[in-house]
1. Can you put K96, K164, K1 in order of accessible area, largest first, using a 1.4 Å probe?
2. Where q = 0.08, 0.11 Å⁻¹, what log10 of I(q)/I(0) comes from the Debye formula for the chain, counting one point per Cα?
3. Can you compute 3J(HN,Hα) from phi for each residue in segment 152-160, using the Karplus curve 6.51 cos²θ - 1.76 cosθ + 1.60 with θ = phi - 60°, rounded to whole Hz and x for Gly and Pro?
4. Tell me the net charge near E478. Cut-off is 13 Å between Cβ atoms, E478 excluded, with +1 for each Lys or Arg and -1 for each Asp or Glu.
5. In Å², and per residue, what accessible area does segment 74-127 have when probed at 1.4 Å with the other protein chains present?
6. When a/c is below 1.5 the answer is rounded, else prolate if a/b is larger than b/c, else oblate, so apply that to segment 97-154 with a ≥ b ≥ c taken from the square roots of the Cα gyration tensor eigenvalues.
7. Rounded to whole Å, give me the distance from the Cα center of segment 94-135 to that of segment 490-535.
8. Pull up all non-local amide H partners of I106: gap of 5 or more, or a different chain, and H-to-H distance under 5 Å with H placed in the peptide plane.
Amino acid sequence: KDSKATLRNKLSDPYVKAFRWASDRIRNGGIIAYVTNNSYIDQLAFDGMRHHLAREFSKLYLLDLGGNVRQNPKLSGTTHNVFGIQVGVAICLMVKHPGQQGKGEIFYASTPPDWKRGQKYNQLDEWESAKGLSWKTLKPDSKSTWLLEGTESDFDSLLPLGNKADKGSDTQSIFSLFSLGIVTGRDSWLYSYQRSSVGSNVQAIEQAFREQQAGYLSAKGRGKKFQLTQDEKRIKWTDRLIEHLESGSPLDVGQDQIRVALYRPFTKCFVLFDHLLNQRRYQMHRIFPLSTTNNRTIIVKSSGEWPFFVLASDCTSDYQPQGGSQVFPFFAYEKDGTKRRENITNWALAKFRTHYADDTITKWDIFHATYAVLHHPEYRTRYAANLKRELPRIPFPPDFHAFAAAGSRLMELHIDYEKQPEYPLEQIEDPKAEVSFRVDRMKLSKDKSELRYNDFLLLRGIPAAAYDYRLGNRSALEWVIDQYRISTDSRSGIVNDPNRPDDPKYILRLIGQVITVSLETQQLIATLPSLNFPG
């Protein structure tokens, strides 16, 4: 209850419960010695846990062995992690001295992030015990952040993009409403490049649901238990769908709920947008309540170790990988699509107009200028550590209208990427292969200057600068290459084919367009005035 994080599902981790249980078990005096994952040391969702650990213990010794391959793409879980697993690992010694709770001295040590398993084993042998380490004393901030290295103290003085504690219209932040992207809990069923595939998948779910519900209700009426099928080729269960089955209510999903969504950067798919079959829609139904809703959004990566990214969209957004995404819309709606209102707060409008002594500034100007600031390299470099821990905050940029103009053009590029001109790549055709523009799986050459499009076509002359425009740990072009391939889900067996029978050159065209977008994005960013940060 003391966490300030929006997304708290990580707190259901059994390790969190183990810490709570052990702390209660030793009562007023004792030591907890655990080897667990290291999420609680620095991730935002655990801020309330860190607050209580510091209150309940007199001394905390934290040895961070790193190895989280999900947060650092340069690592391999099998070689850089002491257990060969995906998440980071930590050893803790938490000491309660009778009568000294609340003292909360926190001592920290870590192994270098690039060390392999053997190096860590050897170092543990050398240390032998806690006495063998050189511990660093941590001084948490008011938000119970333990690892403050690299954070900038002036970040708190900037304008908050959104206020998690208060999403009302009077909130003191730039945006009133914001939301995580949708989580379907069954992507292979509900996302597809083909609208007809989503429709047939939903029909299959409805049929399996009716059969399973009939069996369950029949068994319940006879006082017997019923085992739901776990065959994911028939249906994918989530807790909400099981609860609905047990309630006896029918499952009736309309095909009109299928809409276009931004599944990954520069990757649009069809999705079923439904309050029940989507495990979590968060507030997305107030941002895009209808498939025809007109809106524009700024999507930013939620806190976490993955590199920060920002993107604009005019359609429903997925949760996105690499830690999720928060969506900030220009308009907010009621659930039924009525009562549209501007989502930039009057508080923010007054702040900008007062700061620049300019009453001509509009909320659209603020929206676009914010988008430009979030792309600025000086901003991302200075506040890189802060952005791993919390939502962005925005400084007042110099030459506000220059930022607003640049942000408007950036947003146009990123939303209308399918309308941009193609970058002129050399197309080398294999005369021995059948003429085809279908994609199975594209592959870059080692130097990334060539792209094997398919057996028939090789694309040559990709400029190196195209890879400088990155969203998280991939460039925009690499996102497209990764996503536009024929894939078969290992559990459901569902095939997702990105090729368009009615537009066979769509993917070929998209490659050139995304290169154009990437190059112009970097050119625009380079023209932004300096933010004039001190130092």
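The values are calculated or read from the model by the stated rules, or taken from the named source; none is laboratory data. Remember, predicted model here, so these are calculated numbers, not experimental data. Glycine also receives a Cβ, built like all others from the backbone with ideal geometry; neighbour counts cover every protein chain displayed. Areas reflect the complete protein model, heavy atoms only, side chains present, ligands, DNA and RNA absent. Shrake-Rupley method; radii C 1.70, N 1.55, O 1.52, S 1.80 Å.
1. Accessible-area ranking of K96, K164, K1, largest first: K1, K164, K96.
2. Those come out to -0.64, -1.17, one per q.
3. Each residue's phi maps through the Karplus curve to give 9, 5, 6, 4, 5, 8, 7, 6, x Hz.
4. Net charge around E478: +4.
5. Per residue, segment 74-127 has an accessible area of 54 Å².
6. Cα axes put segment 97-154 in the oblate bin.
7. Here the two parts' Cα centres lie 44 Å apart.
8. It is L60, L138, by chain and number.
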